[in-house]
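Everything on this sheet refers to the single structure shown next.
The values are calculated or read from the model by the stated rules, or taken from the named source; none is laboratory data. Only a predicted model underlies this, so the values are computations on that prediction, with no experimental measurement involved. Neighbour counts are summed over all protein chains in view; Cβ atoms, including those assigned to glycine, are modelled from backbone coordinates with ideal geometry.
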Amino acid sequence: MINSITVGQVIRKKGNGFHAIGPDATAYDALEIMAEKNVGALLVLENGKLMGIFSERDYARKVILKGKSSKETTVRELMSSPAITVEPQHFLWDCMVLMSKSYIRHLPVMDKDVLLGIVSIGDVVNAIISSQESTIEELEEYIAGTGYRA
């Protein structure tokens, strides 16, 4: 199941929208956007190019614990760069392995040099749950004989 669902399928279903910020914005600006949009990370773009990713974890570990000011520290100083990315043809299993090994929760989706969107651990889990629910429903119909079409 997770070896058959691709990142491209997830992006098509959820949409390819994403939230971004420039590298010279402050950490405070980034946090305001993240709170307003209810997201855990922002892609960092400069002149339309992916420069990195800024997450709640970056803020917690690189601002709060180091005694820096979020209104004086730029996203460029804090972002994870280069961002670990996936391509549309990658499977959810690939995402799970990358996220687990790299201790990250968000993967920008790139098709060559074109940014298509972002996949979060929540997107991966939701896709797996949806697939499992469909499989269970099909099996129940098969067992009950209601899903059989001659």
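So which residues in the stretch 19-54 are assigned to a loop (DSSP other than H, G, I, E, B) and more than 17 Å from Met99 (Cβ to Cβ)?
His19, Gly22, Pro23, Asp24, Ala25, Asn38, Asn47, Gly48, listed by residue number.
How many of the residues in the stretch 43-67 are without any contact (Cβ under 8 Å) to a residue 24 or more places away in the chain and of a type in the set (A, V, I, L, M)?
Counting residues in the stretch 43-67 that are without any contact (Cβ under 8 Å) to a residue 24 or more places away in the chain and of a type in the set (A, V, I, L, M) gives 3.
State yes or no: is Glu87 at pLDDT below 95 and among the acidic types (Asp, Glu)?
Considered against the rule, which asks whether it is at pLDDT below 95 and among the acidic types (Asp, Glu), Glu87 comes out as no.
For the stretch 57-90, what are the residues that are within 14 Å of the chain's Cα centre (by Cα) and among the hydrophobic types (A, V, I, L, M, F, W, C)?
Ala83, Ile84, Val86 - these are the residues of the stretch 57-90 that are within 14 Å of the chain's Cα centre (by Cα) and among the hydrophobic types (A, V, I, L, M, F, W, C).
Would you check which residues across the stretch 62-72 are under 18 Å from Pro23 (Cβ atoms) and either charged (D, E, K, R) or part of a loop (DSSP other than H, G, I, E, B) (or both) and list them?
Lys62, Lys68, Ser69, Ser70, Lys71, Glu72
Take the residues in the stretch 27-50 that are in contact with a Ser or Thr (Cβ under 6 Å, 6 or more places away or on another chain) and over 20 Å from Ser120 (Cα atoms); name whichever of them is surrounded by the fewest Cβ atoms within 10 Å (Cβ to Cβ).
So the residue we want is Tyr28.
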